[in-house]
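Notes for the one structure printed next.
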């Protein structure tokens, strides 16, 4: 079979980030289940999901729209990390560094598409 979104390094890193978010949020207080836990997980999942969907799109504009949504979800997660830390739900986490790496890769990927 041909190329798949799973071959994209940016998708692989985003998928690892989702797994990390699930791992971290499972220890959040139960009262956050429908609040922060749910929001954080939903935003995290949106990153690789939109990368995957954008990958299959044919037109540049269509592809970029999905990668843009992924970038927006990434920024949302950046805030949830800050909030989780301020609420004392997480101590220092490597999640910020992973997000930064995904963000740079996504921007680079988007720039490459714009140049074609």
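Throughout, read-outs are computed from the coordinates displayed, never taken from laboratory work. Model, not experiment: these values are computed from the prediction. Counting neighbours? That spans all protein chains shown, and the Cβs are built from the backbone with ideal geometry, glycine included.
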Quote the relative contact order of the chain in percent (integer), defining contacts as alpha-carbon pairs under 8 Å separated by 6+ residues.
-> 29
Report, in deg cm²/dmol and to the nearest 500, the calculated mean residue ellipticity at 222 nm for the chain, where each DSSP H run with n ≥ 4 adds -39500 (n - 2.57) and the sum is divided by the residue count.
-> -25000 deg cm²/dmol
Using a Gaussian network model of the chain with C-alpha springs under 10 Å, which one of 53, 31, 75 is most mobile by mean-square fluctuation?
-> 31
Hydrodynamic radius by Kirkwood for the range 62-116, inverse mean 1/r across distinct Cα pairs, in Å, is 12.3
Debye equation applied to the C-alpha atoms of the range 1-65, log10 I(q)/I(0) at 0.12, 0.14, 0.24, 0.28 Å⁻¹ = -0.39, -0.50, -0.95, -1.12
Computed FRET value (nearest 0.05) for residue 60 with residue 94, which takes r as the C-beta separation and R₀ as 25 Å = 0.15
Here Rg/Rh (Cα, Kirkwood) for the chain equals 1.01
Give, in nm to one decimal, the length gained when the segment between residue 12 and residue 79 is fully stretched (0.36 nm per residue of separation minus the Cα-Cα distance).
-> 21.9 nm
